[in-house]
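Notes to accompany the following structure.
The values are calculated or read from the model by the stated rules, or taken from the named source; none is laboratory data. For clarity, every value in this text was computed on a predicted model and none was experimentally measured. Here Cβ is always computed from backbone atoms with ideal geometry, including for glycine, and neighbour counts include all displayed protein chains. For accessibility, only protein heavy atoms count, side chains too; no ligands or nucleic acids. Shrake-Rupley method; radii C 1.70, N 1.55, O 1.52, S 1.80 Å.
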Amino acid sequence: MPNSKLIWTGRALMLGLAGFALYYPYRLYLYYSHMAFSGDAAWQGIWMVDDTALIPFSWRLFYVSLYLPTVLATFVMIVAAMWLTMLLMQGRFFEAATVRALFVAGLSACLAGTLSSLAIPFDAWLLTAWNTDLPRRPIQLIFDSGEIGNALTGMGMMLMAYVLKTAADKHRENAEIV
Amino acid sequence: MTQDHTPSHIRIGATVLMVLVSAQTLNFGYCAYGRAIQFCFTEPARWNTHWRVDPGTMIETGTRIGYFAIWGFIISASMACFLVGLFLLNRVRRGLVFTETTANGIRALGLTLGFTMLIDQVFQAFDPWLITRFNAEPHPVRWVYDPSDIKSLVMAAILFLFGWVMRESIAVERENREFV
């Protein structure tokens, strides 16, 4: 049975994760609904976009949809993190459910980081495609080191899940022998 | 799982990931430090002509040094996270997986990553104010929502808790083995 310090730490983390699970979709809704449905003014307020640029609705929707896969992957990651925290608080380390939760958290983190990194080079190009006065920016080979770090950490967590799976199988065999 | 019994595909996976992380560590260090040095010292016009800065504004050397010191600290903390990650991957590659050192290493990675992301979040609130400090109307200090940092914080929390439980489980396993 896990000690009380671990349980209280787990509860504090669950609270933080639950808060982010609510705040993240709220912020996304604010930003993406603003970018997609608030007309040209939402885009014209961005510093690299012309004050008079007219952005077709289909283009605005396309811009928003570019980030949807990242959003979904991040949300799955948050839910998997909460699930894993709950299992660890119960002391369920060498169990199949823990392996699954860790793997899903790692996979979704890796996907979120990778998909975001793939979308970023297109961001400035999409925003400035309808400029007439300010320069139109090309598709640039730029990376967010934070997202790449997230992708690599996700890969590390998937590797940890695979190691844990092997150990969990051995743990079960030993328990049966005992 | 003893050193000799770690499956070879886990060791290969760890090796491949070590190569990727090493490449990113070098790339990140070179680019991040380089950008900070250019912005603060070697290409001072970048700051003077920043889109947030009023035209013709002169930036004091003390402010440049302070800005570089803060960013340098955050970049160094990020590099420390990468190095701890490499240390852990090396242990997996060598088959030293279920040991207290590895468990403590995972906890340390969670703590380092969490600390780095927290100070990054704090400094991002001050960053626009520092850049525009010499404007007629400096940008206010305001929290900036960065989902990338918060995602990293989530993973730091998972790693910290996982390393903690792993250490406790290793201790219990050792007691059971001695009992048997």
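Which lysines, if any, have their Cα less than 30 Å from the Cα of residue B:151, not counting same-chain residues under 8 positions apart?
A:5, A:165
If you roll a 1.4 angstrom probe over the protein chains with everything in place, what fraction of the accessible area of segment A:57-168 belongs to carbon and sulfur, to the nearest %? Each step should come with its number before you reach the end.
Details: 3570 of 4840 Å².
With neighbouring chains kept in place, the figure for segment A:57-168 is 74 percent.
Per residue, what volume in Å³ does the Cα convex hull of chain A take up?
Working: hull volume 20.9 nm³, N = 178.
Roughly 117 Å³ of hull volume per residue.
Out of segment B:1-59, which chymotrypsin sites (Phe, Trp or Tyr not before Pro) are coil in DSSP terms and have no more than 12 other C-beta atoms within 10 Å?
In loop regions of segment B:1-59 (DSSP not H, G, I, E or B), the sparsely surrounded chymotrypsin sites (Phe, Trp or Tyr not before Pro) are B:51.
Give, as a single signed number, the net charge of other residues whose beta carbon lies under 13 Å from the beta carbon of residue A:46, with Lys and Arg counted +1 and Asp and Glu -1.
On the way: positive: A:60, A:137; negative: A:40, A:50, A:51, A:123.
Taking every other residue near residue A:46 into account, the sum is -2.
By accessible area of protein heavy atoms, probe 1.4 Å, what ranking do A:94, A:103, B:162, A:143 get, highest first? Let's see the in-between values first.
Working: A:94 35, A:103 90, B:162 5, A:143 125 Å².
Order by accessible area, largest first: A:143, A:103, A:94, B:162.
To the nearest 0.05, what FRET efficiency results for residue B:99 and residue A:21 with a Förster distance of 30 Å applied to their C-beta separation? Show your work: numbers first, answer last.
Numbers: r = 34 Å, r/R0 = 1.13.
Calculated transfer efficiency: 0.35.
Under a plain spin-label model, where a point goes 7 Å from the Cα along Cα-to-Cβ, how far apart in nm are residue B:33 and residue A:51?
In this crude label model, residue B:33 to residue A:51 measures out at 4.4 nm.
As an exercise, identify the trypsin sites (Lys or Arg not before Pro) in segment B:109-180 lying in DSSP coil whose Cβ has no more than 14 other Cβ atoms within 10 Å.
Working: sites: B:133, B:142, B:151, B:167, B:174, B:177; in loops: B:133, B:142.
Loop-located and lightly packed - B:142.
For segment A:35-70, which chymotrypsin sites (Phe, Trp or Tyr not before Pro) are both in a DSSP coil and crowded by at most 13 other Cβ atoms within 10 Å?
Numbers: sites: A:37, A:43, A:47, A:57, A:59, A:62, A:63, A:67; in loops: A:47, A:67.
Those that pass, being in a loop and sparsely packed, are A:47.
What is the sum of charges, Lys and Arg at +1 and Asp and Glu at -1, for the other residues whose Cβ falls under 15 Å from the Cβ of residue A:118?
Details: positive: none; negative: A:123, A:144, A:147.
Once all neighbours under 15 Å are counted, the net charge is -3.
Ordering B:8, B:76, B:169 from largest to smallest accessible area (1.4 angstrom probe), what's the sequence?
Details: B:8 75, B:76 55, B:169 20 Å².
Ranked list, largest accessible area first: B:8, B:76, B:169.
Count charges around residue B:67 for me, please; just the other residues with Cβ under 13 Å from its Cβ, Lys/Arg as +1, Asp/Glu as -1. If you can, show how the numbers build up before the last one.
Details: positive: B:35, B:46, B:64, B:133; negative: B:60, B:127.
Residues near residue B:67 contribute +2 overall.
Please compute P(r) over all alpha-carbon pairs of the protein assembly as shown, binned at 10 Å starting from zero, and give each bin as a whole-number percent.
5, 21, 29, 24, 13, 6, 2, 0
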